[in-house]
Amino acid sequence: MERPAWAPQGIDISVPSVSRMYDFYLGGSHNFEVDREAARKAMEFLPGLPKIMQANRAFMRRAVNYAVTSGVTQFLDIGSGIPTFGNVHEVAQAADPRARIVYVDHDPVAVAHSRSVLEGNDRTAVVTADLRKPSGILEHQEVRGLLDFDKPVALLLIAVLHFIEDADDPRAAVAELREALAPGSLLILTHASYEGIPLPQEEAGGAVGVYRTIRNPLIMRSHAETSRFFEGYEMVEPGLVPMPDWRPEVTGARAQEDPYAYSGFAGVGRKA
């Protein structure tokens, strides 16, 4: 397999990557055939995966705009993946050019491509770190150099917590990050769930099995389980809801939306 110029040396391009599969679902070009093959297998069980990812990205854009209009112009995006059109820095800096963004990921392809895209943007940074080790993020020199934790920060955990198993205690990681944030900070979160998927759980579970096969278990959590990540935050209206239902830009759009877009949950919380 020929290695593209954008793929950093030292990564195994014969193994599927969750970040690159996500890029494929969104119609991006930074993925390999091994990623596309795994994504297509998952779509055999859950054909609406691209629509779910599009709804996820649309929610993120609305939530970032909400943050800026609420006066929060610092963003810590953990599990940021490969940047595609309309990513956090583009949305936030279009609304307020002073906005500062730190992207965090443990995928070397995501980090390398992010740095390429963001070259010359001195209000952004890209850091290699893992959500399961929050102190490595909070104490990172580039994170501390760009973000002022004495002021509100918007913490983005978009489509990342469902890749952390309970054994790794994701709630403790989220709580540690929360304790580092100033009052007025926001938690912006999405999470996969069997709830809302327009298929029997047994059928949708086939897609979950594909992720397990590539050693990236997809943990489907209920509404109640997902809501526990917001402990210590006051929920912003309308609360934890299906992604298209969080402050839609068009009133009455639900009737025109693809049913798959209502798979999983999204919400924003504010730290008191």
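Just a few scattered comments:
- The stretch 26-169, dipole about Cα centre (Lys/Arg Cβ +1, Asp/Glu Cβ -1), debye to the nearest 20: 540
- Reported to the nearest whole Å, the Cα centre-to-centre distance from the stretch 25-88 to the stretch 144-221 is 13.
- Here's the list of lysines a cross-link from residue 271 could span, going by alpha-carbon distance under 22 Å and ignoring same-chain residues fewer than 8 apart: 133, 151.
- Note, ³J(HN,Hα) from phi for the stretch 194-211, Karplus 6.51, -1.76, 1.60, rounded to Hz, x at Gly and Pro: 6, 5, x, 5, x, 9, x, 4, 4, 6, 4, x, x, 5, 4, x, 4, 5
- Cα Rg, Dmax (largest Cα-Cα span) when computed across the stretch 196-263, Å: 14.8, 41
- Separation in nanometres of the label points that stand 7 Å from Cα toward Cβ, at residue 202 and residue 179: 4.5
- Helical mean residue ellipticity (222 nm; -39500 (n - 2.57) per DSSP H run of 4+; nearest 500) of the chain: -11000 deg cm²/dmol
- Percent of Cα-Cα distances greater than 36 Å, calculated over the chain: 9
- Extension gain from residue 29 to residue 216, taking 0.36 nm per residue of separation minus the Cα-Cα distance: 65.2 nm
- Taking all protein chains as shown and a probe of 1.4 angstrom, residue 199 keeps an accessible surface of around 40 Å².
- Taking the DSSP beta bridges with both ends in the stretch 135-272, the antiparallel portion is around 65 percent.
- Relative contact order of the chain, defined on C-alpha pairs under 8 angstrom at six or more residues apart (%): 20
- Counting only DSSP beta bridges with both residues in the chain, the antiparallel share comes to about 35 percent.
- Trypsin sites (Lys or Arg not before Pro) restricted to DSSP loop in the stretch 186-272 with at most 15 other C-beta within 10 Å: 215
- Paramagnetic label zone (point 7 Å from Cα along Cα-to-C-beta, residue 132; backbone N under 16 Å) in the stretch 145-171: 160-171
- Three-way shape call for the stretch 131-248 based on the alpha-carbon gyration tensor, with the a/c threshold at 1.5: oblate
The values are calculated or read from the model by the stated rules, or taken from the named source; none is laboratory data. It should be emphasised that the depicted structure is a prediction, and the values quoted were computed from it without experimental measurement. Here Cβ is always computed from backbone atoms with ideal geometry, including for glycine, and neighbour counts include all displayed protein chains. Protein only, heavy atoms only, side chains kept; ligands, DNA and RNA dropped before computing areas. Shrake-Rupley method; radii C 1.70, N 1.55, O 1.52, S 1.80 Å.
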